[in-house]
1. Could you list, in sequence order, the residues of segment 424-443 that are crowded, with 17+ Cβ neighbours inside 10 Å and among the hydroxyl-bearing types (Ser, Thr, Tyr)?
2. For segment 508-522, give me each residue that is at pLDDT below 80, more than 13 Å from the chain's Cα centre (by Cα) and under 18 Å from residue 557 (Cα atoms).
3. Residue 98 - would you say it is among the hydrophobic types (A, V, I, L, M, F, W, C) and under 25 Å from the mean Cα position of the chain (by Cα)?
4. Scan segment 602-614 and tell me whether some residue there is modelled with pLDDT under 85, assigned to a helix (DSSP H, G or I) and out of contact with any strand residue (DSSP E or B) (no Cβ under 6 Å at 6 or more places or on another chain).
5. Based on what the data block shows, is residue 712 modelled with pLDDT of 85 or more, within 31 Å of the chain's Cα centre (by Cα), open to solvent by less than 40 Å² (accessible area, probe 1.4 Å) and of a type outside the set (Gly, Ala, Ser)?
6. Among the residues of segment 528-554, which ones are charged (D, E, K, R) and not in a helix (DSSP H, G or I)?
7. Name the residues in segment 177-197 that are more than 15 Å from residue 227 (Cβ to Cβ) and either touching a residue at least 60 places away in the same chain (Cβ under 8 Å) or open to solvent by 70 Å² or more (accessible area, probe 1.4 Å) (or both), would you?
Amino acid sequence: MKAQCLNIISKDRYTTKRVTDGILLLFPLKGAVEVQHFITNVEVEEDLLILNNSEMFRIKRNEISLLLYISSDWFHERGYSFFDYQYTSKLIQSSNILFEALLNLAKHHLEQTLTNELYESYMYKIVDIIATEAKIDVNYLKQQTDYSYYGITGEMLDYVNTHLHKRLTLKSIANKVFISQSNISSQFYNTLGMRFKTYVDTLKLSVSVGPLLEGKHTISEISDAYGFSSSASYSKKFKHYFGYSPKEYRQLTKADKIFKVVTKNDEQKLEETQQLIAEKLQKLNVQNNYICLDINEMAASSNDAIVIQIHSLDEFRNLFENKRMRYIFEGTQKVLVYCMMDVKSLRGAFKGDKDCGFIEFILNTNVNIAFQIQTDEEVNIYIDEIYSQYKSYVQSHPELSEDSMHSVSYIFDLSMMSLKEIYRNMIKIQRYRGKVKFGVDITCLFNHPEAFKNMEPQLKRIGFDYYFIDNHKLSSPYLNVDHEALLTKEVFKFSNIKKIMSEMQLEERKYYLLNMHNNFLLNDDYMELIESPPLLMEMFKKARENFFGVGIDLVKQDDKKHALYLYERNGFRSLLGNMYERLMEKSESRVKAYDYYTVAHQPHKITIFVGDWRVVESENAVDHEEQNIQIHINFKDITLRRAYVIFYETISNVYGNINYAISKHLRNNYQWSDEFIKKIDEYNKPEFSVFEHHFEEETLTLNLDYNTVHIIDIYFDK
């Protein structure tokens, strides 16, 4: 049999349609699919888009995608109320299970091996996931909908949606919004791809399907409820749109209902589609993954820089006085300490620093340090007071050389100073000191991309060394809508912010994203992102693909803005702090990132970072009873298959997590001595083992535990 509700669409674009009596699942198999979802453009690539009952959509760009129509009957048959809810893929935890069911349905459909039992099994699995994990109450959505976002078009849409019980005409809308009828008609068609009358009629018909199928009302009562002139008029329009009269439609089964869409009959496309489905199923079926190490695939690592954000003088002082923190800078030049504190307090520290501890720290630790500048006065303080004292110290110590230290950078804020003022101050600083770099915080331009485009030529001419984007200052974090309601995997999506970066053609510059976001995990009111090693690894992996570097706090800040951090306020190292050294180790390596693991190659060893993709998929770090997944590792080059010493490290929400070692309640109720904290840091480490493995005899097989990152060092030198 064939699944009549499933379509393989391969045309580039499709005209505007409205979903009725069910939902549509749109799943791209090749490339991204761009959809005008109502008025907003949505781009989907490695995910699923759910189009709800009565919603309009237009496919603007497509290569090959699956389009599955699920009528309301499937939901009612499983005991779910359908019309009381709308559905969104953003809430789905079991996305891998859903994708697998959808792909298998398509696979059997194309191979003509789909039995009725298989068909219903896959459909019920998909419906169960959507009905239990993806639903949002319709009444809640109505309260949250703000049509004013769409301007004058929004006023018209709002009026239509709140007056469906009336007879709606162009004239009635024109009188309401004070726009001519012809203007309204053209606005609707240009914006929605549908004429006003068609929009109103199809909306009324689609929302009338619920009461019609419920069977508690007569055709005449439904006609009156939705402002039709008569039951005959309602029935005539219903049959024209659905192909059945209202009475006939009530008698249809789920098998009779399909979503009509034009497809291409192309044998070559059919073979390609089958191959794409097979590849995606193979990617999902990762229970027995084989990691084949190919050294030739490695590439030089470039985007692994870290900005350590310092917010107070106490934090800065602790950074150079606390020897336990020295690991932050050692072994890499890709760390930038960004002093975001008040300049006047920094001036006071330098003046009162009789032992010149600050200056010695900057010189002897070879720190790349950056200072925030927001006014002309702050420039003068740095030049006339802080730098002059620093220079005097260097001159009085002939064994020291200013040339031996790493560069000092000054970061200006474009929201506080004009570009002209910034350029003038840059010249002023360069007159006093050499080996200095400049950066600019351009967050304000990301909030207003049109202004960014106008300023692009001037920014290029100046040639800043760094461009900083502060997540806390963005009008919406990562430029995604309703960020607080998004799940963890949504936080990893930088598509909107990357699009602006690409359009500005400043890709050769170094973009840093400050204040990497920390948030609570889905279905867990206690565990945060910073307590899940696989999610941390995935976040840094995604950030590396889009930015030269990212910013995290040295110490957790006690405010509403949550950023990832290395230390808590009371001095305990976070799980990220324990992962930091291994993450930064990649910056000195040749690297290749794969779906769920990353390989780093250094002269004396290969390191494999393997993260538990189940956490990334489900966005849930609660205890999981699924069987452990086995990972098999070996070299592609047969000549490299010999005996090696292995250093095997496990980082989980248990090993290396201070919240597991000492509860938050206990930590917050006591004053802890530095000696005690040092002792805890020494013991609260990831679990590790050292052994020898003979790759010529067998693959290296490991069990991937839930919510865990495994790091495997294979040493070439014994």
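1. The one that is crowded, with 17+ Cβ neighbours inside 10 Å and among the hydroxyl-bearing types (Ser, Thr, Tyr): 443.
2. 520 - this is the single residue of segment 508-522 that is at pLDDT below 80, more than 13 Å from the chain's Cα centre (by Cα) and under 18 Å from residue 557 (Cα atoms).
3. Details: among the hydrophobic types (A, V, I, L, M, F, W, C): yes; under 25 Å from the mean Cα position of the chain (by Cα): yes.
In short, yes.
4. Yes - at least one qualifying residue is present in segment 602-614.
5. When the stated conditions are applied, residue 712 passes them.
6. Just the residues of segment 528-554 that are charged (D, E, K, R), to begin with: 528, 531, 538, 541-542, 544-545, 553.
Across segment 528-554, the qualifying residues are 528, 553.
7. As a first pass, look at segment 177-197 and keep what is more than 15 Å from residue 227 (Cβ to Cβ): 177-195.
Passing the criteria: 178, 181, 182, 189, 190, 191, 192, 193, 194, 195.
Results for (1) in contact (Cβ under 8 Å) with a residue 12 or more places away in the chain; (2) touching a helix residue (DSSP H, G or I) at 6+ places or on another chain (Cβ under 6 Å); (3) exposed (fewer than 15 other Cβ atoms within 10 Å of the Cβ); (4) over 25 Å from residue 574 (Cα atoms), shown as yes or no for each residue.
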{"site": "658", "(1), (2), (3), (4)": "yes, no, no, no"}
{"site": "674", "(1), (2), (3), (4)": "yes, no, yes, no"}
{"site": "681", "(1), (2), (3), (4)": "yes, no, no, no"}
{"site": "693", "(1), (2), (3), (4)": "yes, no, no, yes"}
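The values are calculated or read from the model by the stated rules, or taken from the named source; none is laboratory data. Since the model is a prediction, treat every value here as computed from it, not as a measurement. For neighbour counting, all protein chains shown are included, and Cβ atoms are generated from backbone atoms with ideal geometry for every residue, glycine included. Heads up: the accessible areas ignore ligands, DNA and RNA and are worked out on the full protein's heavy atoms, side chains in. Shrake-Rupley method; radii C 1.70, N 1.55, O 1.52, S 1.80 Å.
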